[in-house]
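Below is one structure; the comments refer to it alone.
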Amino acid sequence: DGGITQSPKYLFRKEGQNVTLSCEQNLNHDAMYWYRQDPGQGLRLIYYSQIVNDFQKGDIAEGYSVSREKKESFPLTVTSAQKNPTAFYLCASSQGLARNNEQFFGPGTRLTVL
Amino acid sequence: GQQVMQIPQYQHVQEGEDFTTYCNSSTTLSNIQWYKQRPGGHPVFLIQLVKSGEVKKQKRLTFQFGEAKKNSSLHITATQTTDVGTYFCAGRSSGTSYGKLTFGQGTILTVHP
């Protein structure tokens, strides 16, 4: 099956700890994205990557970091600097930079910081 | 920056009633996409509109893109319980050179049998 996988589905961490969320895709897509979803606020873009070894900040990048060492992988680290990390995190990918590309989403990781 | 506003935030309907959600952008869009997220699930692409005044249909769903390419709507005729979920619009501004989407807040639809 082709698609995007995110693990784990649920994640609990203590306040002050960094945590890394994984995202893997086997769709051979060039572009990958991380979104945060909070109730009533839609999806907000954290980071995106157009090609390997390149990534750009989205609208709410503070307190987050990413890497793109492989085309199929785009892990997100939620650092202790993120003030409100508890949220639903969604990874997505698309074929490339063209404006008409739809985005395919993974199942998401629900992060709870205690 | 670009803002995409979506209304209403919630809509409760009886099965068989119609439903409409509206999307308005602060800037002119190059295209707009619609996604559906089932409860507990992830967004799934429904459709993309590109042309001014475009209308597309998918069975009971009708999507429209405004003449000025700043607004869009999704209309569902005779809702069914399977339509339950959150509907998001997502647009790209005309000046965006890459695949960055700005999502609306979503409309949560509940359908009572």
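The values are calculated or read from the model by the stated rules, or taken from the named source; none is laboratory data. Bear in mind the structure is a predicted one, so any value in this text is a computation, not a measurement. Neighbour counts are summed over all protein chains in view; Cβ atoms, including those assigned to glycine, are modelled from backbone coordinates with ideal geometry.
What number of residues within region A:63-107 are within 13 Å of chain B (Cβ to nearest Cβ), part of a loop (DSSP other than H, G, I, E, B) and closer than 10 Å to A:C23 by Cβ? Qualifying residue count, region A:63-107: 1. For residues in region B:40-64 being among the small types (G, A, S) and on the phi < 0 side of the Ramachandran plot, which is farthest from the other protein chains (Cβ to nearest Cβ)? It comes out as B:S52.
Considering region B:89-107, the residues that are at the interface with chain A (Cβ under 8 Å from one of its Cβ atoms) and at pLDDT below 75 include one that is surrounded by the most Cβ atoms within 10 Å (Cβ to Cβ), namely B:G99. Does region A:29-42 contain at least one residue that is more than 14 Å from chain B (Cβ to nearest Cβ) and modelled with pLDDT of 95 or more? Looking through region A:29-42, none of the residues is more than 14 Å from chain B (Cβ to nearest Cβ) and modelled with pLDDT of 95 or more. Checking each residue in region B:17-57 for being polar (S, T, N, Q) and over 13 Å from the mean Cα position of the chain (by Cα) picks out B:S26, B:T27, B:T28, B:S30, B:S52. When restricted to residues that are farther than 19 Å from A:D38 by Cβ and either among the hydrophobic types (A, V, I, L, M, F, W, C) or not in a loop (DSSP other than H, G, I, E, B) (or both), region B:24-60 contains 19. Being more than 13 Å from chain B (Cβ to nearest Cβ) and either crowded, with 16+ Cβ neighbours inside 10 Å or of a type in the set (F, W, Y) (or both) is the filter here; which residues of region A:11-24 pass it? Those that are more than 13 Å from chain B (Cβ to nearest Cβ) and either crowded, with 16+ Cβ neighbours inside 10 Å or of a type in the set (F, W, Y) (or both): A:L11, A:F12, A:R13, A:V19, A:L21, A:E24. When region A:40-58 is filtered for residues that are touching a Leu at 6+ places or on another chain (Cβ under 8 Å) and either crowded, with 20+ Cβ neighbours inside 10 Å or closer than 22 Å to B:W34 by Cβ (or both), the ones remaining, listed by number, are A:L43, A:L45, A:I46, A:Y47, A:G58. Taken residue by residue, region B:38-58 has no member that is crowded, with 21+ Cβ neighbours inside 10 Å, of a type outside the set (D, E), more than 21 Å from B:I108 (Cβ to Cβ) and touching a Gly at 6+ places or on another chain (Cβ under 9 Å). Being surrounded by fewer than 17 Cβ atoms within 10 Å (Cβ to Cβ) and within 14 Å of another protein chain (Cβ to nearest Cβ) is a property that holds for B:Q3.
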